[in-house]
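Working notes, structure below.
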Amino acid sequence: MFANKSRYLFCESTSTLVKRFASTNIKIPSYKLVVIGGGTGGLAVSSTLSKVLGKNEVAVIEPSDFHYYQPLWTFVGAGIKPFSDSAKPTEQVMPSDAVWIKNKVTAIEPNGNLITLKDGQQVKYDYLVVATGIQCNWDKIKGLPESLGKNGVSSNYSESTVEKTWEFIRAFRGGNAIFTMPSTPIKCPGAAIKIAYMAEDHFNKNHIRGKCNVIYNTAMGKIFSIEKYAKSLTRIAKDRGIEVNFLTELSEIRGDKKEAVFKKPDGSGEEKIYNYEFIHVVPPMGPPPFIAQSGIGNAAGWVDVDQYTLQHVKYPNIFSLGDSSSAPTSKTAAAIASQSGILKKNLLDYISGKFNSSNAAKYDGYASCPLLVGRDKLILAEFSGYTGTPMETFPVDQGEERTSMYWLTKEVLPEIYWNRLLKGTWVGPKRFRNLFSYLPQ
């Protein structure tokens, strides 16, 4: 079926594989580098390093059949892009020189360089990159799992409900349309407010705005973490009559009654009940539990890395990037792009014995959030999550909503994602590129 059967060794059924391993007493498979996660960060790293280290020297552990370009899901939820534009089979995006282990990690033994998989198999590594991403904890909100996709409840954070968002927005005829943001770190933090702006824009253009209350309830203390862009988003919300409530966190959905219960995140117990016709929920999120259970996480459960070099603070042969790392910046695809270049240089230097504090590449916290505010308007926020200062690429004020930035995000960035970032040849804005000229293109 496949030209290179060894690459797909672990794609066999679990029962067949376990029997074969038991009967033949095959040694635990070992790789020069194992990458946990076949998402954005995992593929950006493995695409490059599988070329550098050689065929079948790099293994990628990823259980999913499909890879999703999730930044596109706001466009899907707003009825602008089809869902199919955001998805490709994992087999199609997996590096040809890497081994795909289609399985899930349950434990790491960092002192023994050993990984345990969901079905009990084990894999050894010389070097490890953890790029598992962040997980959505739907069950942290009472009544949410059973309400998703019906009773006017949707979320752009699930492949199974993102199309429901547009279905419910399109069918909306008046009443409360509520949009939520949790108190936990989330991936693409701008997505919570973006869909509120897009829904309001649709209501206005369809002449039902006067019948709608558009409400953004966020558990945070401000509308966006970076002051420059927060001012712009606040101005737009005020101009368009969007109600913004801070320190207001969703705790329960009563789908049968179309009621949403909100509480103050300070634990005071104070709550308020809203009726809704439509509610878009951003679920609480967190790191996969095995990170903390394996002893490689910090107090919050994220992979404990140096925020500049992305090397683990205790285990030098472990690196991490993206949403699962402890780097204190926004969890976005743009951040991952920049981190991937830093990580690849530092890891290759470490493997070759050249890595030290004086020559290490340093990640500066760069992240970006394309903030959709209308069907043809967008604020391209670029900033350092470490300093809170803008780090803009273009010679214009990116705090202003612009049609050019909308088309850049809608048409250009997806092409860069599929054809450059996942293939390891895009490491962010121009200022980073001179560091990585020796990497294979």
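Return the pairs, sorted by first residue and then second, in which the second residue is part of a strand (DSSP E or B) and among the aliphatic types (A, V, I, L, M), the first residue lies in region 34-45 and is open to solvent by 10 Å² or more (accessible area, probe 1.4 Å), the beta carbons are less than 6 Å apart, and the residues are 6+ apart or on different chains.
Pairs found: none.
So for region 169-185 (the condition being free of Cβ contacts under 8 Å to residues at least 40 places away in the same chain and either closer than 30 Å to Trp100 by Cα or part of a strand (DSSP E or B) (or both)), does at least one residue qualify?
Checked region 169-185: no residue is free of Cβ contacts under 8 Å to residues at least 40 places away in the same chain and either closer than 30 Å to Trp100 by Cα or part of a strand (DSSP E or B) (or both).
Quick check on region 173-231: of everything there that is basic (Lys, Arg) and buried (at least 20 other Cβ atoms within 10 Å of the Cβ), which residue is nearest to Val244 (Cα to Cα)?
Checking each candidate, the answer is Lys194.
With respect to the numbered conditions (1) farther than 23 Å from Pro189 by Cβ; (2) touching a helix residue (DSSP H, G or I) at 6+ places or on another chain (Cβ under 6 Å), which one is the sole condition not fulfilled by Thr74?
(1)
I'm trying to understand the selection: among the residues of region 138-162, which are touching a residue at least 24 places away in the same chain (Cβ under 8 Å), in contact with a Cys (Cβ under 9 Å, 6 or more places away or on another chain) and either of a type in the set (Gly, Ala, Ser) or open to solvent by 60 Å² or more (accessible area, probe 1.4 Å) (or both)?
Within region 138-162, Ser155 is the sole residue that qualifies.
Would you confirm, using the coordinates I've provided, whether Ala87 is over 20 Å from the mean Cα position of the chain (by Cα) and either hydroxyl-bearing (Ser, Thr, Tyr) or open to solvent by 10 Å² or more (accessible area, probe 1.4 Å) (or both)?
Answer is no for this residue.
The values are calculated or read from the model by the stated rules, or taken from the named source; none is laboratory data. Predicted, not measured: the structure shown is a model, and the values here were computed from it. Every residue, glycine as well, gets a Cβ built from its backbone with ideal geometry; the counts of neighbours run over all protein chains shown. These accessible areas exclude ligands, DNA and RNA; they are computed on the full protein's heavy atoms, side chains included. Shrake-Rupley method; radii C 1.70, N 1.55, O 1.52, S 1.80 Å.
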